[in-house]
Structures are given as C-alpha cells and as structure tokens.
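In what follows, a single structure is set out as structure tokens and then discussed.
Readers should treat all values here as calculations from the given coordinates under stated rules, not as data from a laboratory. None of the values given here were measured: they were computed from a predicted structure. In this analysis, Cβ positions are derived from the backbone assuming ideal geometry, glycine residues included, and neighbour counts consider all displayed protein chains.
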Amino acid sequence: MSSLFDPLRQRAAALRPTRTAVVYPLSEASMRGAYEAADAGYIEPVLVGPQAAMTALIERHGMKPGRFEVVDTRDDAHESAHRAALLARDRAVHALMKGSLHTDDYMSAIVARDAGLRTQRRISHAFVLAFAAYPKLVALTDAAVNIAPNLADKADIARNAIDLCRALGVATPKVAVLAATEDVNPAMPVTIEAAALAKMADRGQIAHGIVDGPLAFDIAISAQAASTKGIASRVAGDPDVLLVPDIEAGNALYKQAAWLAGAELGGLVLGAAVPVLLTSRADSVDARLNSCVLANLYANWLGGAGG
C-alpha cells in the first residue's frame, strides 16, 4: 500500500545514514526501533547506556549483538542522556533518539546550558501527518513541547516548522495559524496572535514561508469551506503546516488524527543544533521509522546550504 511518506523514505535511504545517539534503549521497542531504522538505511545507531544491560536485552530478543558502537554508562538514564548530548555537542553524532527513559530526563539533558545544543530558536516539536483525506503531508506544531506559547514562541515554532518542510522538499511552506474562528476577536487573544504572525511573515520577520491566520480548522484544510465562507487566503485549503494555539489543542488533534482517522505519522523536536527524536512507548514501528526518516532528511539539510 502506497504512503505519502514513500518519497521521503526513498530520499532518506539514498542518503548516508545519520549517525544517531540512541539514548538508554533498555526496552525491546526502543532497541528494535534502532535496529530497524539502521536496516532501512536511515540512521547509524550509537547505543548510549549500560553496555551489559543493553547486550542482555539484545540477546534476549534475538537481535545481533556487537553490531553498533556502544558508549557505556552507569545504569542511570540522566547520565546516559547527558553523555549523548555531549556527543551531539562535539558532533560525534548528528541526531539524538529517545530510548526507554523518561522524557524529562531526556529533554533536560538536551536543553541544559552546558550541553551546547541550544540555538537562538525556541525548541519546539512537529508531527508530520499523512491523512487519507488530504493530498500531501502536513506538519502539526506544537503538540508536545510548548505548553502555552506566547507570540514570540509561536514565531519560532513557525520558523522551525517552515525549516522542516523545506528540508522535506517544500520550497515555500504554507502555515495555517489555527483558532476557533477566522475573525480577529479581542476577546480571543490567540486570534490576535495569529494575525500578528501573518503580518510578521508579510514583513519578512518569519522567512521562507507564507503564513495566514487566524483560520478555523475547516477553513485551513478545505478550499471549499473557505470559498463558502468568503475567505480569501493563500493558505486556506493548501497548508503544509498547522500551527495550534496551545499544547491541549495540538495534543488532542494529533491523537484524534492517529487513533480515529488512522493518520500515519512521524515526529521531530526542532530548534536544537541537531534533530531530536522524541519517540513514545505507544508509537508504532512505522511511526518510529518515519521519525528516523525525518531526522535523516533534516540532519542532511542542516548540514548543507539549507541550514
């Protein structure tokens, strides 16, 4: 069965695998995800964690031991994350992938001042979704990192998502800034922020993309709905990015897409010096592989003229 991710998978498989620190992979799902992504040619894993425990896990589940480089640490998730972050800082690896540790331990090591991975951008997350009812991939941001972003945060969230889409081959990404209505309403601050983001893009403060908002979801995703309501927009009906007002809206939308609409997806943390994979215990094998595809393409883009 064909997938909207297929062209990206083909591009990623044709590139050199991205050397990726897999942090504390002490569950079967996280270790098998690393092996399968390596088999597909998307990443070159470097396993960071307690070597004896990782070897025992590999042998217990019938995987081949000794296949990947190992950075041995104490059996401590935070130490493993810190060591991986330093590897990325020193460019010994070019991406980071979460294993079976808690997200707080993983992300706190990455954003720590001494890790050297912070940039001028605010860190954000984007899911890339393939809907059966939509003709192209669309990025949903931010449904995982920023809880209640302000206007400056949303500007960086938009910039990060635009860069990701450019890395995936979209020349001029279109960003729909979502709200409950397409009208600017002083009683709804997110509509004012959406309009401000659109004007910032018009004036070059958010570059390389087209931004419009506020747009209700139906207007954003359907040209027919926009026409029926008399909305003229260069984004309505054709967005590459859906920028949500807060994490509650984004998280609900992403989970509805995955669990009710059957959307295929991958995800990536953006805004750090290297791409960061924030995989979940509930992620399918395809979701893990798609995330590795995104990391490979984004890491190569960052390393070239695009970044």
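Quickly estimate the mean residue ellipticity at 222 nm for the chain, helices only: each DSSP H run with n ≥ 4 gives -39500 (n - 2.57), and the total goes over all residues, rounded to 500.
On the way: 11 runs with 128 residues, N = 307.
The per-residue figure over the chain is -13000 deg cm²/dmol.
About the Cα centre of the range 111-199, what is the dipole size in debye to 20, counting +1 per Lys and Arg Cβ and -1 per Asp and Glu Cβ, all else neutral? Please list the in-between numbers first.
On the way: 10 positive and 8 negative charges, 64 e Å.
The dipole of the range 111-199 has a size of about 300 debye.
Solvent-free Debye calculation, one equal scatterer per alpha-carbon of the chain: log10 I(q)/I(0) at 0.08 Å⁻¹ equals -0.35. Karplus-derived 3J(HN,Hα) values for the range 229-236, using 6.51 cos²θ - 1.76 cosθ + 1.60 with θ = phi - 60°, are 8, x, 9, 9, 7, 7, 10, 3 Hz; glycine and proline are entered as x.
For the range 239-307, trypsin sites (Lys or Arg not before Pro) are listed when DSSP marks them as loop and at most 15 other Cβ atoms sit within 10 Å of their Cβ; the list is 281. Working from label points 7 Å from Cα in the Cα-to-Cβ sense, the residue 224 to residue 286 distance is 2.5 nm. Within the listed set 159, 32, 113, the Gaussian network model of the chain (springs between alpha-carbon atoms below 10 Å) gives the highest mean-square fluctuation for 113. The ratio of the alpha-carbon radius of gyration of the range 125-269 to the globular-protein estimate 2.2 N^0.38 Å is 0.94. Spacing of the modelled spin labels on residue 67 and residue 136, each 7 Å from Cα toward Cβ, amounts to 3.6 nm. Exposure proxy for 227, 124, 100: other Cβ atoms within 10 Å of each Cβ, ordered fewest to most, give 227, 100, 124.
Over the Cα atoms of the range 200-307, each weighted equally, I'd like the Debye log10 I(q)/I(0) at q = 0.10, 0.11, 0.20 Å⁻¹, rounded to two decimals. Debye curve over Cα of the range 200-307, log10 I(q)/I(0) at q = 0.10, 0.11, 0.20 Å⁻¹: -0.39, -0.47, -1.25. Between the Cα long axis of helix 189-202 and the first principal axis of the chain there is an angle of about 90°, rounded to the nearest 10.
In terms of other Cβ atoms within 10 Å, 181, 228 run from fewest to most in the order 228, 181.
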